[in-house]
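Following: one structure in C-alpha cells, then a few remarks.
Read the figures in this text as sums done on the coordinates, not as results from a lab. Because the structure is a prediction, the values reported are computed rather than measured. Cβ atoms come from the backbone with ideal geometry, glycine included; neighbour counts cover every protein chain shown.
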Amino acid sequence: MKSNSGFFVRLGLVAMLGLVGCQNQSTTPDPVQDPTTPTDPTTPGTTTAGSDKSFDHDDILGNIGDVFADGRQVTPTDGQRMHVCGKITYATLGRILTARGIATGNTAADSAGLLFTTGANIMGVANYPARVAETDRNSTGGLTRIFDMFLAAAEELVPATGTDRIGTGTACPGATLFDASNNCNADGFACLLGAPLTATQLSECSAGVKRIAALTSNDFVRAKRMAVATIASSNFLCD
C-alpha cells in the first residue's frame with residue numbers, strides 16, 4: 001500500500017498557511033449587518049493596492065475617456081463599413097473568381113484555384129454533418145488565405161507584359177486591367193471589384209504601378225500584379 005506520509009505532510013503545510021493567514025487578519029470583528037438594511041451596490045468593495053477594482057489595472061481603464069468626445073471614434077464612413085462589411089461567403093467568392101477568369105479547379109501548386117479549394121475549412125464553410133452554419137466573419141487564418149489567394153490570382157490575371165486575363169471571364173468580356181501606358185483601366189478594375197474606383201483611387205493605382213516599377217528595375221509585370229493584389233484584397237477581405 002502506498003505510504004500516506006506525503007498526504008499528511010501536504011495537510012500540515014496547508015494548516016500552517018491557514019494559521020499564518022489568520023494571524024495577518026485584523027482582530028477587530030466585522031460589524032453585524034442588519035439583514036433588513038439595504039446595501040448600496042455602488043459602494044466599492046475593499047481591494048488591494050488602493051484600487052476600487054477587483055485588481056489593479058495600472059490605471060488603464062481610467063484613461064479611456066469619452067470615446068464620443070475625444071476624437072477616438074472612427075469616421076461615419078468607416079463605421080458604416082465595419083457594421084455592414086462581413087465575410088463574403090465561400091461559394092460567392094468562387095463565383096467571383098470564376099467570372100473574372102480564374103480557374104478554381106486549377107490544381108497547380110500555389111495557384112489561386114488550389115488555394116481556394118483547399119482553403120474551404122479555413123475560410124469557414126458550413127459543416128452540415130455537425131449542424132454548423134458558415135461563419136459570418138473572417139478568422140485570421142481565413143484572411144491570410146484570401147490574401148494569399150489574391151496574390152496568386154494577380155499573377156494569373158497579369159501573366160506577362162501587355163497581357164491580362166480579366167476579360168477572359170464571363171463578367172466583362174474583353175475588358176483589360178491596364179492600358180498600353182501601364183495605367184490602371186477604370187473598366188477593368190470595376191470588373192474585378194464589382195464596383196468602380198473613384199477618380200482619386202484610379203489615379204493612385206496608376207501612380208502606384210509606376211512607383212513600384214521604378215523600385216524593381218522597371219518590372220511592370222510585378223508592379224501590376226502588386227497593384228491588382230492590393231486593391232482586390234482590400235476590397236474582398238473587408239474585415
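Give me the number: length gained by fully extending L215 to T198, i.e. 0.36 nm times residue separation minus the C-alpha to C-alpha distance, one decimal in nm.
On the way: separation 17, 0.36 × 17 = 6.12 nm, distance 2.57 nm.
Length difference between fully extended and current span is 3.5 nm.
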- [ ] State, to one decimal in nm, how far the label point of Q80 lies from the label point of A108, with both points 7 Å from Cα in the Cβ direction.
- [x] 4.1 nm
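Can you tell me, using C-alpha contacts under 8 Å and at least 6 residues apart, the relative contact order of region 86-239 as a whole percent?
Numbers: 230 pairs, mean separation 35.1, N = 154.
RCO, region 86-239: 23 percent.
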TODO: Collect residues whose amide H, placed 1.01 Å from N in the peptide plane, falls under 5 Å from the amide H of F178; neighbours closer than 5 in sequence don't count.
DONE: N185
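I need the trypsin sites (Lys or Arg not before Pro) found in region 135-198, filtered to DSSP loop residues with at most 11 other beta carbons within 10 Å of theirs. Don't skip to the answer; put the middle values down first.
Working: sites: R137, R145, R165; in loops: R137, R165.
Passing both the DSSP loop test and the Cβ count: R137.
Report the gain in length on full extension from A180 to A133: 0.36 nm times residue separation, minus Cα-Cα distance, nm rounded to one decimal.
Numbers: separation 47, 0.36 × 47 = 16.92 nm, distance 4.61 nm.
Here the answer is 12.3 nm.
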